[in-house]
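The values are calculated or read from the model by the stated rules, or taken from the named source; none is laboratory data. Note that the coordinates shown come from a computational prediction; the quantities given were computed from them, not determined experimentally. Using ideal geometry, Cβ is built from the backbone for each residue, glycine included, and neighbour counts are taken over all protein chains shown. Ligands, DNA and RNA are excluded from the accessible area calculation, which covers all protein heavy atoms including side chains. Shrake-Rupley method; radii C 1.70, N 1.55, O 1.52, S 1.80 Å.
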Amino acid sequence: MTRLRLFLLLLLGLAGCATVPVEAPAPQGEGTPAQHAEALAALRSWRMSGRAAVSTARDAGTVSMSWQQQGERYGVELRAPWGAGTVQVDGGPQGVLLRTSQGVQEFASEPRELLEYYTGLDLPLEALRYWLLGLPVPQAPAQPEVDSRGLLTELRQHGWRIRYLRYGEFQGLALPTRLDLSGEGIEVRIAVQDWILNP
């Protein structure tokens with residue numbers, strides 16, 4: 001077992017599976033559902049921070065998570081509690097670079113290939129960019145369910161089921177603050193603490 005695999009297992013195992021509830025005001029944004037979706041899709045730069053609880057058949061744990069999107073490029077940081085270390089994933093059209101606080105660096109053309117090889121977790125980072133915002137991946141088959149405001153309550157896409165449990169209003173837009181993702185052999189619960197748009 002590589003040092004990186006041991007570190008990532010530590011990331012998943014140090015803390016329990018519980019997430020801290022996030023209290024956010026009910027969204028009050030005006031406009032039609034189509035206008036809301038267009039406004040989200042038009043975002044080119046945003047930052048999200050929160051916590052992610054990951055459960056598989058072998059491991060479970062909670063990590064701090066931050067995601068920064070700049071156009072087609074993104075940076076995802078997973079941080080274990082009590083200073084145990086971090087994993088940073090920086091990606092874009094040319095590929096993805098994974099780095100750890102222990103000095104490990106690995107590059108791959110596909111993010112899922114890299115994560116699955118080192119962690120055994122098949123997480124669709126390229127799709128998460130959209131799912132976190134409350135959008136289906138564009139131009140891909142999807143089964144969305146929406147509420148009376150046009151906000152996603154559930155989405156099935158790419159073999160995943162995403163349930164949107166809570167929204168909050170950030171800079172005039174309703175954005176998810178609690179979502180649960182279920183894929184083959186894996187569940188991810190994300191509690192968002194803050195959204196910053198166009199930082």
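General remarks:
- Every residue from region 36-76 that is closer than 17 Å to Glu126 by Cβ, out of contact with any Gly (no Cβ under 6 Å at 6 or more places or on another chain), assigned to a strand (DSSP E or B) and open to solvent by 40 Å² or more (accessible area, probe 1.4 Å): Gln70
- For Leu115, the criteria (1) surrounded by 15 or more Cβ atoms within 10 Å (Cβ to Cβ); (2) modelled with pLDDT of 85 or more hold in every case but one, which is (2).
- Among the residues of region 79-96, those identified as open to solvent by 50 Å² or more (accessible area, probe 1.4 Å) and either in a strand (DSSP E or B) or in contact (Cβ under 8 Å) with a residue 60 or more places away in the chain (or both) are Arg79, Trp82.
The rows are residues; the columns are (1) out of contact with any strand residue (DSSP E or B) (no Cβ under 6 Å at 6 or more places or on another chain); (2) more than 29 Å from Leu197 (Cβ to Cβ); (3) among the hydroxyl-bearing types (Ser, Thr, Tyr).
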| site | (1), (2), (3) |
| --- | --- |
| Met48 | no, no, no |
| Gln70 | no, no, no |
| Glu77 | no, no, no |
| Val87 | no, no, no |
| Asp90 | no, no, no |
| Leu97 | no, no, no |
| Gln102 | yes, yes, no |
| Ser109 | no, yes, yes |
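- Complete set of residues in region 161-173 that are in contact (Cβ under 8 Å) with a residue 40 or more places away in the chain, open to solvent by 10 Å² or more (accessible area, probe 1.4 Å) and assigned to a strand (DSSP E or B): Arg166, Tyr167, Glu169, Leu173
- Only listed residue being in contact with a Lys or Arg (Cβ under 9 Å, 6 or more places away or on another chain), of a type in the set (Gly, Ala, Ser) and either more than 26 Å from Tyr167 (Cβ to Cβ) or modelled with pLDDT of 80 or more (or both), chosen from Ala80, Ala52: Ala52
- Checking each residue in region 140-169 for being of a type in the set (A, V, I, L, M, F, W, C), touching a Ser or Thr at 6+ places or on another chain (Cβ under 9 Å) and closer than 23 Å to Ala53 by Cα picks out Trp160, Ile162, Leu165.
- When region 174-199 is filtered for residues that are among the hydrophobic types (A, V, I, L, M, F, W, C), in contact with a Leu (Cβ under 7 Å, 6 or more places away or on another chain) and either surrounded by fewer than 20 Cβ atoms within 10 Å (Cβ to Cβ) or over 25 Å from Ala60 (Cα atoms) (or both), the ones remaining, listed by number, are Ala174, Leu175, Ile186, Trp195, Leu197.
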